[in-house]
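Q: This is the structure I have questions about; it appears just below.
The values are calculated or read from the model by the stated rules, or taken from the named source; none is laboratory data. The structure presented is a predicted model; accordingly, all values stated were derived computationally and were not measured. Reconstructed Cβ throughout: ideal geometry from the backbone, glycine too, with neighbour counts over all protein chains shown.
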Amino acid sequence: MPASAHETLLRDAAVVHTSETELLGTVVRLDCVNVRPALGALAAGGFDQLVDMFATDTGEAIELTYHLRAFSGFETLFVKCTVEYDGELVSVWDIYPAALFPEREAAELLGMSLTGHPNPKRLLTVEGTEPLLRKSVAIRGAQEVQFS
Amino acid sequence: MSDVRLDVSRQPGPRWVLPKGLRRVPEGLDELATEHLILNMGPQHPSTHGVLHVLLELDGEEVQAAEASVGYLHRGIEKLAESRKYHQVGTLLDRADYLAGLHTETAFALAVERLAGIEVPRKADWIRSLTMELCRLASHVVWAGTFGMDAGAMAPFLYIMRDREALLDILEAITGGRMMFNYVRPGGVFADLPAGVDTKIRAFLDVFDTYLEETDALLGGNEIFQARIKNVGVISRDTAMAFGLAGGTMRASGIDFDVRRDMPYAAYTELDFDVPVASGGDCWDRYVVRMEEMRQSVRMIRQLVDGMPEGDFTAKVPKVLRPPAGEMYAAVESPRGELGIHLVSDGGPTPYRMRLRSPAYYNLAITDEAIAGSLIADAVVIIGSLDIVLGEIDR
Amino acid sequence: MALDKLTGENSMVFIRAEQLLDLARKNSLFYLSFGIACCAIEGLMSAGGPRFDYDRFGIFHRGSPRQCDVMIVAGTVNKKMAPVVKRLYDQMPEPKWVIAMGACACTGGPFREYPNVIMGVDQVIPVDIFVPGCPPRPESMQYAFMQLQDKIAARTQERIDAR
Amino acid sequence: MNAAGAVAIRILAMLLLLLVNGVVLIYMLRKVLGRLHIRIGPNRVGPFGLLQTTADVVKLLTKEDLMPESADKWLFWIAPFVVFVPSFLAYLPLAFGPDLAVTRLDTGLLFLLAALSLIPLGVVMAGWASNSKWSLVGGMRAAGQQIAYEVPLMLAVLGPVMMAGSMDLSRIIEAQKNLWFVFPQFIAFIIYIIAAQADTQQTPFDMSEAESELITGFANEYGGMRFGFLFLAEFSNMFIVSALGVSLFFGGWYVPFLTENPVALSLAPLIFMIKTYMGIFVMMWARGSLPRIRVDQLLAFSWKALIPISLSWVVIWACFQRLVLVR
């Protein structure tokens, strides 16, 4: 698979995106409404596996990262998009079933609502836990730990 | 049994709708009013390898649907790493995959080194590979023992515990700890190999060869055991790919991928080893693949001990690391498969975000696919064959 | 001499009988095979294995809490786990003891700063023995069991002294 | 002494034997498993850990007597005894020496097998009454397993019965004075081992207990001495299976070539016990090393292999005996 295969795939699917090569590897940035068509096109075009899916709190919004891999040639691609706080995380489980668990985790730990997921329950924590991975949620301080 | 096998291409089948089961009455049998039994397996169950909780929907003894519920060990390793300096994160990561802490440490060290552009001395690479392979053996023997225990065989478990103690002695001599090593640091390793450890390793390997064959004979040579695991929990190649499986579980389904060979790190480019691959995708194949991996590890350890280079064991690294802002992904082949660290740095002394791509997490997601349609006894064996460690699943 | 020193719960005969029973209790401690995290590998598996061999002391594992005397809390207890631990403890018949194994079960350990983690299992169930270490070595667990045996034996001795 | 008194003493002696047996066997199991698993086993309580089981029993006796709130109270209470009493009844017709049995029944073997077949009833009761799903699955497994293995067990013992021409266990043993039945009846012996172990839920056929699958299966909700009874019954079953095997196939109290020797005959009960314990050792050996069979494989094995084989063996042996041996 040529190194720019994803460009062709995404252009054919008419997905607006920017693509650049960073230290990390090839990173494709797009709008979060375009994630499903983009991943659908990439999956059909030979990116076999969703290696990982996770979310990061950038301080202004939540950044989703889809780490894809094509086994022919071990091509790696990072697809990134941004979602507002308390925004909507659209599931891609029917394209990559591997996303079933990480999506639930990302939604609960960063406080997003999960749509299109067959089992949108919490995965790791109990009901009522605040979104722990947000930067605004502080961990326990030294005082609290010492005197509890 | 046969309808369990997934004909999964890219098109999602109805089987993938979780939790499609957990419905009370099977369709078409309303007038009989038979009920399915919902059984909670775990969190306290001898065969869930920790605190996994599996909801089983049973029709008699046959499992109709299964839903894995995790989070009983969620302790915020990713969150806490954001408040730890780069040298301190290893402490947390050891406790993520507690059967093979060195692999997680190495993955993190690799990510930091690649981000900060630190050149690692050749000897450090070799020591890393050596300790990691020892650690892989220590993890795989536990898997073999608990897998046997899931099938009801007690003896192999106790036999492998003996081997594991010997392995832990060696690891303790090298790293100073039995399980929580904190040995691999960004830039190299914490300490040089102690004098005389190579004779110790060689002496162990000579015995371990026989012990390994003994364990293999006790488990794989036993007809009852074979009957229990052959054609059970079949995962097709496509399903394995779609669910992003990793490691031995993936290779047993016919995907020829090994991070050590295909995305080399540490000293693996200089080593001679084979990657065992099977095609059936059932529990037996997973057993065979992992057993063969152990033999390959033994082979690699021999090469590593023989060819251990001279030199520094660590590069010069500042006390407080401040890698430049950016992102980096580094993966190692842990005993459970591709274990990756996705590191986001903002140039500060602590990571901005650390994501642990844990292989067992993805392997566990297959539970429902693999279990549905088999018996309770199979469910136990299938979960055992996936080789899960709850520490890295829940993080 | 008050009558209650001759009959009833505080009589010497009663206490001596209890002492005899405690001798049996302390020598037959069945523990619940319930490993939560890393400590389970050391405290339950390695310690039950060939080198350390709990069975020598009459310490044996049972899968069902109904048949257990000791619960080893081997690992971090978080908010999702705490009700389970509590329930398992409640299911055990009296007399029962709890060993909090490792830093996590004692105080929260390396994860005590995380809001989801409970800072020590003693906030959920009463603990008899705390074992420090991360994880404690199997030897420490053997020592913990010996301490527990002493503690069981000391109960009646205290009552004799208090008379 | 009148007859009733003698019977009472015999029954008491048998009860004592059962209890002592249980205690000794548990100790033996832990020691044997220890050796098989390169451990040591109990060695701290008393000399060589001999008092270990005593301590266990005393502890179990003084544990809190828990009953789950939603349990079926009456069934829950009675189930351990329904498991335990048949196991005790099965001791009664066993012949430990030329004239040493609690009661010498003409149909002793039948009585013993009938008593054994009552045990799963208690297991099912325990599983049902506990109101725990795991227990229920365990109980149901026991029922299915017992139905499947009762038949081959009955058919397997028919061979020795035909050779001895009696169902009295003493007679069967006496008939083996010159030839242990294990040699002509080897096929029946193999069937007996499998069927008897499966019928009494011994490892590797302990489907109803299945530690790695059902935790402790039907005994899940039982603690304290009720659990002690279930545990004791398990070991008593082990003894019965082995003792019956010795009686049917290994010449009971006879030592080869010393059948007329008065010393050997006076040591009859001892010899019988030694043989039985050797059988138990083999069962523990299997318990320590073999994986567990899956429940559907177990049932399929009985219906598809064991029953046809045992049935045809009975027919073959009957024809052989009728046409060749007894002319």
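Q: So C:Gln91 passes all but one of these: (1) without any contact (Cβ under 8 Å) to a residue 12 or more places away in the chain; (2) over 30 Å from A:Val137 (Cβ atoms); (3) of a type outside the set (Asp, Glu); (4) surrounded by 18 or more Cβ atoms within 10 Å (Cβ to Cβ). Which condition number does it fail?
A: Going through the list (1) without any contact (Cβ under 8 Å) to a residue 12 or more places away in the chain; (2) over 30 Å from A:Val137 (Cβ atoms); (3) of a type outside the set (Asp, Glu); (4) surrounded by 18 or more Cβ atoms within 10 Å (Cβ to Cβ), C:Gln91 breaks only (1).
Q: Identify the residue in region B:48-90 that is modelled with pLDDT under 80 and crowded, with 24+ Cβ neighbours inside 10 Å and, among all such residues, is nearest to the other protein chains (Cβ to nearest Cβ).
A: So the residue we want is B:Gly50.
Q: Identify all residues within region A:46-88 that are of a type outside the set (A, V, I, L, M), assigned to a loop (DSSP other than H, G, I, E, B) and away from every other protein chain (no Cβ under 11 Å); write none if there are none.
A: A:Gly46, A:Glu60, A:Ser72, A:Glu84, A:Tyr85, A:Asp86, A:Gly87
Q: From the list C:Ile41, C:Ile59, which residue is crowded, with 19+ Cβ neighbours inside 10 Å and closer than 28 Å to D:Leu61 by Cα?
A: Selected residue: C:Ile59, the only one of C:Ile41, C:Ile59 that is crowded, with 19+ Cβ neighbours inside 10 Å and closer than 28 Å to D:Leu61 by Cα.
Q: Residues being loosely packed, with under 14 Cβ neighbours inside 10 Å, part of a loop (DSSP other than H, G, I, E, B) and touching a strand residue (DSSP E or B) at 6+ places or on another chain (Cβ under 8 Å): count how many of those fall in region A:5-22.
A: The total comes to 2.
Q: Same structure, new question: Name, by its number, the condition in (1) within 11 Å of chain C (Cβ to nearest Cβ); (2) under 17 Å from C:Asp55 (Cβ atoms); (3) in contact with a Ser or Thr (Cβ under 7 Å, 6 or more places away or on another chain) that does not hold for D:Val23.
A: In the conditions (1) within 11 Å of chain C (Cβ to nearest Cβ); (2) under 17 Å from C:Asp55 (Cβ atoms); (3) in contact with a Ser or Thr (Cβ under 7 Å, 6 or more places away or on another chain), D:Val23 misses (1) alone.
Q: For residues in region B:359-379 being of a type in the set (Gly, Ala, Ser) and either within 9 Å of chain A (Cβ to nearest Cβ) or part of a helix (DSSP H, G or I) (or both), which is surrounded by the fewest Cβ atoms within 10 Å (Cβ to Cβ)?
A: Selected residue: B:Ala365.
Q: Please verify whether B:Met179 is in contact (Cβ under 8 Å) with a residue 60 or more places away in the chain, crowded, with 19+ Cβ neighbours inside 10 Å and under 19 Å from the mean Cα position of the chain (by Cα), treating the condition exactly as stated.
A: Answer is yes for this residue.
Q: Okay, next question. I'd like to know if region D:222-229 contains one or more residues that are part of a helix (DSSP H, G or I), among the basic types (Lys, Arg) and in contact with a Pro (Cβ under 7 Å, 6 or more places away or on another chain).
A: yes
Q: Moving on. For the condition in contact (Cβ under 8 Å) with a residue 40 or more places away in the chain, among the aliphatic types (A, V, I, L, M) and more than 9 Å from chain B (Cβ to nearest Cβ), what is the one hit in A:Ala106, A:Ala138?
A: Every option except A:Ala106 fails the conditions.
Q: Let me ask you something else. Identify, please: which residue in region B:380-391 is more than 11 Å from every other protein chain (Cβ to nearest Cβ) and assigned to a helix (DSSP H, G or I) and is, among those, nearest to B:Val63 (Cα to Cα)?
A: B:Ile382
Q: For region D:66-112, give me each residue that is of a type in the set (Val, Ile, Thr) and over 24 Å from D:Ser242 (Cβ atoms).
A: The one that is of a type in the set (Val, Ile, Thr) and over 24 Å from D:Ser242 (Cβ atoms): D:Ile78.
Q: Does region D:177-194 contain any residue that is within 19 Å of D:Leu258 (Cβ to Cβ) and assigned to a helix (DSSP H, G or I)?
A: no
Q: Counting residues that are farther than 18 Å from C:Ala103 by Cα, which helices (runs of 4 or more DSSP H) fully inside region B:65-117 reach at least 1? Steps first, please.
A: On the way: elements: B:77-81, B:89-94, B:101-116.
Ranges flagged: B:77-81, B:101-116.
Q: Output the residue which, of all residues in region D:91-120 that are part of a loop (DSSP other than H, G, I, E, B) and closer than 19 Å to D:Leu155 by Cβ, is farthest from the chain's Cα centre (by Cα).
A: Only one residue fits best here, namely D:Thr107.
Yes/no matrix, rows are residues, columns are (1) surrounded by fewer than 19 Cβ atoms within 10 Å (Cβ to Cβ); (2) farther than 26 Å from C:Val117 by Cα; (3) within 12 Å of the chain's Cα centre (by Cα):
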{"position": "A:Gln49", "(1), (2), (3)": "no, yes, no"}
{"position": "A:Thr56", "(1), (2), (3)": "no, no, yes"}
{"position": "A:His67", "(1), (2), (3)": "no, yes, yes"}
{"position": "A:Phe71", "(1), (2), (3)": "yes, yes, no"}
{"position": "A:Val79", "(1), (2), (3)": "no, yes, yes"}
{"position": "A:Val83", "(1), (2), (3)": "no, yes, yes"}
{"position": "A:Trp93", "(1), (2), (3)": "no, yes, yes"}
{"position": "A:Leu100", "(1), (2), (3)": "no, no, yes"}
{"position": "A:Leu123", "(1), (2), (3)": "no, no, no"}
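Q: Those residues that are within 17 Å of C:Leu32 (Cα to Cα), part of a strand (DSSP E or B) and either without any contact (Cβ under 8 Å) to a residue 40 or more places away in the chain or out of contact with any Cys (no Cβ under 7 Å at 6 or more places or on another chain) (or both), I need them from region C:94-129; list them, please.
A: Once the filter is applied, which keeps residues that are within 17 Å of C:Leu32 (Cα to Cα), part of a strand (DSSP E or B) and either without any contact (Cβ under 8 Å) to a residue 40 or more places away in the chain or out of contact with any Cys (no Cβ under 7 Å at 6 or more places or on another chain) (or both), region C:94-129 yields C:Trp97, C:Val98, C:Ile99, C:Ala100, C:Ile129.
Q: Step by step: first the residues of region D:254-305, then only those that are basic (Lys, Arg) and assigned to a loop (DSSP other than H, G, I, E, B), then the one that is farthest from the other protein chains (Cβ to nearest Cβ). Which residue is that?
A: It comes out as D:Arg294.
Q: While we're here: Could we say that D:Phe229 is within 23 Å of D:Val102 (Cα to Cα) and among the aromatic types (Phe, Trp, Tyr) here?
A: Yes: the conditions hold for D:Phe229.
Q: Starting from region B:148-169, take each residue that is at the interface with chain D (Cβ under 7 Å from one of its Cβ atoms) and list its partners that are polar (S, T, N, Q) and not in a helix (DSSP H, G or I), counting only C-beta distances under 7 angstrom and pairs at least six apart or across chains.
A: Going by the 7 Å Cβ cut-off, the qualifying pairs are B:Asp150/B:Ser47.
Q: In this structure, does C:Phe34 turn out to be at the interface with chain B (Cβ under 9 Å from one of its Cβ atoms), surrounded by fewer than 24 Cβ atoms within 10 Å (Cβ to Cβ) and aromatic (Phe, Trp, Tyr)?
A: No, not satisfied.
Q: Criterion first (within 14 Å of chain A (Cβ to nearest Cβ), in a helix (DSSP H, G or I) and not acidic (Asp, Glu)) does B:Thr239 satisfy it?
A: Against the criterion (within 14 Å of chain A (Cβ to nearest Cβ), in a helix (DSSP H, G or I) and not acidic (Asp, Glu)), B:Thr239 qualifies.
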